[in-house]
Ligand code: GDP
């Protein structure tokens, strides 16, 4: 990658400048086009030829500045930017967004909120906005599916602003109506929003980019706005140590043939190398281990062949990487990963312990058992239950196990002999235990639905007892 400045000292910098790649997450209501948008960005980047292309990481895709400027044509002048490019988190949705935490809150530096122009604000749009507000994440709005407005004529290759101005009157008015409604909804949420070409400062104003993830119109515009926003944000907000000890967040803990339990990690700061000592948040205690291998997906690898990954010696932020190391079975999704340089293992372990302790869940002696797939979602569940005044006896990351059934059984009141599982599986032994005891399990992947299901169950029990 670095083809410049090989005489630089060990304080290495990226070739394109001194800022690290911004991490971008894509959020929005189901079916509004998040996956299509990510696919389109990846696809278009590949089509743009050899010059920059993209690199596939574990859990993320990096689009270099050179490729972005080719895609965006006159819209992006690469000499205006110190950024190496953009790193898109591949798993769309706000569930993964809130899972991906870093020290400061959200792992992603900036976000794209996808809204279907014809469908407008929907429940998950609101949820996503609340999360963005809470984490203070700057974002832009992709007003998607403009191609579905009747009469819309594709104007390939030119900025969406001109396309909009050239549409037939009928289409423009329909589209404009929807777009202005969207801008109105954003201002109801307390944001000053406008069409991106009218926005000067993307940090205090929300830029709306009309686009079609399907046809690709407006994607160059979106990339341009993202570059502008991140450049500003990274310069003002980030003190990034690109050469220091690596810091990241676990996306997933996965068994890989030949390696045992491995970690899919997004590294948001510093460098990790083979052989490094790392501290990882574990279920009971921080895990101290040594990096045996750093793995990246092999381009065009056949799924299921053993050669899906290639080994790399080091990885720099921001990047997604698979870390193979001993003793990772108890590592948790959403937990921090920190590289230890020098001999301060104890200090780093203490930092990881403190980070884990920050995820506060108030438990009582009588309450429900909560299981969730990641630390971030466990915390979100605990907040939702607190708001709904549902007490918690125990809250843990992981699938529903027989032990959870035993614990739920100890709850004093019948309404608390309950397990609420968020985005988790039920282990076979636990299924059996559930069949025989009087513990009820509710599982779902939408938090408010879980709370609703539980409330209905409580009402049902109360009616039965009357
Ligand atoms: P997600 O649930 O937000 O990830 O939504 P998807 O990306 O899966 O899109 C949902 C549906 O909308 C799919 O059938 C897509 O093909 C379609 N879709 C997404 N973006 C566009 C677009 O810009 N135009 C049109 N016409 N359809 C789209």
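Just so it is clear, none of the values below were taken in a lab; they were calculated from the coordinates. Keep in mind it's a predicted model, so treat the numbers as computed, not measured. Here the Cβ is made from the backbone with ideal geometry for all residues, glycine too, and neighbour counts use every protein chain on show.
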In what order do 180, 268 fall by count of nearby beta-carbon atoms within 10 Å, going from fewest to most? 180, 268
Taking all pairs of distinct alpha-carbon atoms in the stretch 319-466, Kirkwood radius in angstrom: 16.8 Å
Residue exposure sequence - 312, 340 - by fewest surrounding Cβ within 10 Å: 312, 340
So what are the three principal axis dimensions of the stretch 409-460 from its Cα atoms, in whole Å, longest to shortest? 28, 25, 15
What span do the alpha-carbon atoms of the stretch 354-418 cover on each of the three principal axes, reported in whole Å from largest to smallest? 33, 25, 17
Any idea what diffusion coefficient the stretch 314-393 gets from Stokes-Einstein, in µm²/s, Kirkwood Rh on alpha carbon pairs, 37 °C, 0.692 mPa s? 216 µm²/s
The relative contact order of the chain, taking Cα pairs under 8 Å that sit 6 or more residues apart, comes to a percentage of 12 percent
Normalised by the empirical 2.2 N^0.38 Å for globular proteins, what value does the Cα Rg of the chain take? 1.04
FRET efficiency (residue 389, residue 133; Cβ distance; R0 25 Å; to 0.05) is 0.60
Between residue 173 and residue 354, what length in nm is gained on full extension when 0.36 nm per residue of separation is reduced by their alpha carbon distance? 59.7 nm
Ratio of Rg to Rh over the stretch 266-358 (Cα coordinates, Kirkwood Rh, two decimals): 0.99
Ranked on Cβ counts within 10 Å of their own Cβ, fewest leading, 254, 307, 322 go 307, 254, 322
